[in-house]
Structure formats: structure tokens, C-alpha cells
Amino acid sequence: MVVKNVTVSRPRRLRGTVTPPGDKSISHRSSMFNAVANGVARVTNYSTGQDCASTLRILRGLGVRIDVAPGKGGGGDTLTVYGVGMHGFREPDDILDAGNSGTTTRLMSGLLAGRPFQVVVTGDASIRSRPMGRVIEPLRKMGANISARMNGTLAPIVFHGGVLRGIEYDMPVASAQVKSCLMLAGLRASGRTLLRQPALSRDHTERMLTAMGARVVTDGLTVAVEPAELTATDIEVPGDVSSAAFWLVAAAVHPDAEITLSNIGLNPSRTGVLQVLRDMGTDIQVRKERMVAGEPVGDLVARSSRLRGVEIAGDIVPILIDEIPVLSVAAAMADGDTVIRDAAELRVKETDRISATATWLAAAGVKVEEARDGMTIHGAGRLGGVAGQSYDDHRIAMSLAIAGLVSDGPVRIEGAGAADISYPTFWRDLELIGGSLG
Ligand code: S3P
């Protein structure tokens, strides 16, 4: 659906079952890793979001054949990925465009470093302003020859080849994108690559590479990987818990709501949002728990709840980092203060999510104080109507929409189309559970 500006108003009740798109993080990895594997693999429920399409565009630019068929019954796409092996990428005949996708840019950097040809990766205005030194610097330490704008820190990034060797590296940020980038480079490096993380971040790369035959050794905060060839592996992508989070919050804050989310990935390195919502007092049940392609999956049922403010800080932050914009809606609707700290990474996401969130909350009549690494939201159990900017950030656009489901007046979202980055069926699902769009 192409939507530019929309207005969302509070409905009397919210009911229904939503099946969010395939997980964005797992989708990116399923196509990238199978592209450099040996053999042919089928990926089902691949995310229909624009970010995951950016990954496919780049892989095709490197000579990988990927066939896409729409999924049955409105589900995600089914891919057939024809792996070219670890050394099979062809020199592209143009620059590669990662669009809005940080995961594409950073993980592909690990796959493109040290190739016997030159390749340029760039993206939209947001991507060209996000920190890339965090992958370029350690890739250079591994022997990659890379240049980039602003003294090697910003895209476009030019990969000029080099010979990769494993390194031991203390990661300055708890980032799954940096970790995954270096693990992927490590598969083609000589010797072992060992990474020490400051805190745990999502571990989909560790799980999927292991399933595809790589030797990945995890010991607390340390991850080590050895050079390896990968075996093409069929993957069924679970639903995205980060997309489910919007409906969990909607159900929690609306006075008459019960929403079921089906087929949701419940990897513990992603479910910080469940823990925080429960700590705030949300009634969430998990049903039909099962394992699918090495990842835990289940259905979630969330209901109207009376919420209280909480503190969100420390090691939980990396495992709910993408959910903080929508948790801010829960915080505003709660009784008492919610203090968010240790989340400076939010300032370098698709937009500065601390500033974007604090700005619209204040305009909606919520008392909020911004800090360098978070904010304090003084919850008073209500939100006023507001006209809010998405700043072309999908999660800000969708968080505003959830606010509109409970606010006293209508919420107008400028740049609502940004939702297509991770959740193209978001507006349809909003109507499905009883929301109305103006
Ligand atoms: C992602 C990791 C996170 C997250 C992003 C997806 C991934 O970024 O914000 O949406 O798929 O690895 P960082 O690892 O940079 O925090």
C-alpha cells in the first residue's frame, strides 16, 4: 500500500489476529548466507519490507540468482537462492544501493571486504549519515582495503580488495550488525576471528551460520568463528517480534483490546520488549511454543492492562533497541515515570529516535526530558492528538499510529509510507483489528 500522510483515531475496541511479516533480521541473513553457500535453498516467509528487497537487489548485482514467488495466503515471499559459494560473487557493473537498510550495508560490508574486485556501496540520505566507521575500522584491521567519505566513516563505501586475516577485537558497541559483519569476513579470513561484545545482541547470525556448517563458538560475551564454506539450507522465517511489538503495545494501552499475534519469533536475544511490557503490567500470554529452523516461535495474546512506569537500562537495551519508540507510547499511557538510559544507539538509527520520539510526545502533551542516552517520560495515562513527523523512519511512523489508537484527539502521521521499510501490510493490519484511517 502506498500511503503518504494518514490520520488515526481511537476506535471503541481492538480485536483480532495479526500475522506480521517475516522477521527482517532473519530474512536478510537467510538470503545473504545462502547466496554465499554451496547449493540451492528455499526460504519461506521472507520479509516483504523494502529493506529486505534492498538486500536481494544487491545480491543480484553481485551475480546471484534469486527467484521470488509470492507466498500462499498473503504470507511472505518464497525465495529460491542459487548459492555461488564463498568466493563466487562477480564484479558488479554499477554501484550497489542499500536503500534505507543499515543491516544490508553493514552485513554486506563483511561479505564484500577483501574481494578480488572493486565495489561501491551506498544508500539513501539516512544511510549516508549513519556511522560506518564501526565496520570499516575493524575490517581494515583484518586486512581489507576500504575507503569511505568523511575520513572512512560514511557511505558511499568503496571496497578495493585486500587479503583478510582473523583478528581479536573488542567491540566498542553492542551491535549485531557489527558482530555479523566481522563474522562474515572471518569466514573468508585466514585463522580465527574472535569478538568480545560489551553486551549480548541478537544472535541470529550465530544460529544460522552454525546450521549452515560453520564452526561458531560462543562463550559468554565472546564469539569466535573459523574460515568455513557454508551449505545451502532451507529456512522458514518466523514472524517479526519487532513488528508484533506495535500490536502488543496497542493492546496493552487500549481500554478494550485483545489482540493475537501468530507465528512470532521468540529468540531470547529479541524478546526484551515482552519482559518490559510484562514489568509494566501487561497481560501477555505465549501459546503454541515450538522450534522452527533453529529459532523459538510462538503465538502471543495481549490484552488491555493497567500500566506502570519502569526503568529500561543496561544489558536489556540491545535486545529491545528497535522497540523503544513504541514502548514510549506505553510509557506515556502508564502511571509514573519511565526512565530510558544506556540507549545512545537510538540517536544513530534510521533517524535520531530519541529526538523524534521526545518531540512528538511533547507535542501530544506528555512531559518528557531528553538525555544524551535516553529520556524520561512522565506517564499520566493519556495522550493528546498530534501531527507528528516520521522523519522517514518506519518505526517512528508506526509508533505514532499506535498512539492514534488511544489518544484523545486524532494523530496525523506525516511520512506514514515509511512503514513499508519493514511492514508494508501495517495499515491493512491496523484496520483489521478495528482501527480506522483518515
Ligand atoms: C539488526 C541489528 C540492530 C537493529 C537493526 C537490525 C540486525 O542494529 O537495530 O534494526 O539485523 O542485525 P545494531 O546491531 O546496529 O544495533
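Summarising the amide proton neighbourhood of Ile146: residues at separation of 5 or more, or on other chains, whose placed amide H is nearer than 5 Å comprise His160.
Distant-in-sequence amide contacts of Arg65, defined by a placed amide H-H separation under 5 Å and a gap of 5 or more residues or a different chain, comprise Tyr82.
By the rule of a C-alpha distance below 17 Å, with chain neighbours fewer than 8 residues away ignored, the aspartates and glutamates paired with Lys288 are Glu236, Asp240, Asp299. Centre-to-centre separation between the Cα atoms of the range 138-210 and those of the range 226-285: 27 Å.
Using DSSP, restrict attention to beta bridges with both residues in the range 155-234 and report what percent are antiparallel, rounded to the nearest 5. Rounded to the nearest five, the antiparallel share is 65 percent. How would the range 24-236 be classified by its alpha-carbon gyration tensor: rounded, prolate or oblate, with rounded meaning a/c under 1.5 and the a/b versus b/c comparison settling the rest? Rounded shape, in that the Cα axes give a/c under 1.5.
Once both labels are positioned 7 Å from their Cα atoms along Cα-to-Cβ, the gap between Thr218 and Ala199 label points is 1.7 nm.
So, R0 is 41 Å and r is the distance between the beta-carbons of Ser269 and Asp93; what FRET efficiency does that work out to, to 0.05?
The formula returns an efficiency of 0.60 here.
With R₀ fixed at 35 Å, the C-beta to C-beta distance from Ala387 to Met150 puts the FRET efficiency at about 0.55.
Dividing the mean sequence gap of close Cα pairs (under 8 Å, 6+ apart) by how many residues the range 24-236 holds gives a relative contact order of 21 percent. Shown in residue order for the range 410-420 are the 3J(HN,Hα) couplings computed by the Karplus curve 6.51 cos²θ - 1.76 cosθ + 1.60 at θ = phi - 60°: x, 10, 9, 10, 8, x, 5, x, 4, 4, 4 Hz (x for Gly and Pro).
For Lys4, the aspartates and glutamates whose Cα falls under 19 Å of its own Cα, not counting residues fewer than eight places away in the same chain, are Asp51, Asp124, Glu350, Asp392, Asp393, Glu414, Asp420, Asp429, Glu431. Under 5 Å from the amide H of Met86 lie the amide H atoms of Leu230, each residue being 5 or more positions distant or on a separate chain, with H modelled from the backbone and absent for Pro and chain starts.
Peptide packing for 52-60, 150-158 was compared via the average number of neighbouring C-beta atoms within 10 Å per residue; ordered from the highest value, the list is 52-60, 150-158. Dividing the convex hull volume of the alpha-carbon atoms in the range 247-379 by its residue count gives 100 Å³ per residue.
The slack between Asp373 and Val40, meaning 0.36 nm per residue of separation minus the straight C-alpha distance, is 115.5 nm. Multiplying the residue separation of Arg308 and Arg278 by 0.36 nm and subtracting their alpha-carbon distance yields 9.8 nm. Residue ranges 17-27, 40-50, 213-223 sort as 17-27, 40-50, 213-223 when ordered by packing (mean number of other C-beta atoms within 10 Å per residue, highest first). Stokes-Einstein diffusion for the chain, with the hydrodynamic radius set to the Kirkwood value over Cα pairs and evaluated at 20 °C in a medium of 1.002 mPa s, equals 98 µm²/s.
Looking at the chain, the DSSP beta bridges with both ends there are about 70 percent antiparallel. In the range 24-236, the DSSP beta bridges split such that about 70 percent are antiparallel, to the nearest 5. Using Cα pairs closer than 8 Å and at least 6 residues apart in sequence, work out the relative contact order for the chain, in percent. Across the chain, relative contact order equals 19 percent. Summary of packing: across the peptides 380-386, 264-270, the per-residue average of other C-beta atoms within 10 Å ranks them, highest first, as 264-270, 380-386. Note on Lys24: lysines with a C-alpha under 21 Å away, same-chain residues under 8 apart excluded, are Lys72, Lys179, Lys349.
Values in this text are rule-based calculations from the coordinates and carry no lab data. The model shown is predicted, which means the values in this text are computed figures rather than measured ones. A quick note on method: Cβ atoms are made from the backbone with ideal geometry, for glycine too, and the neighbour counts reach across all protein chains shown.
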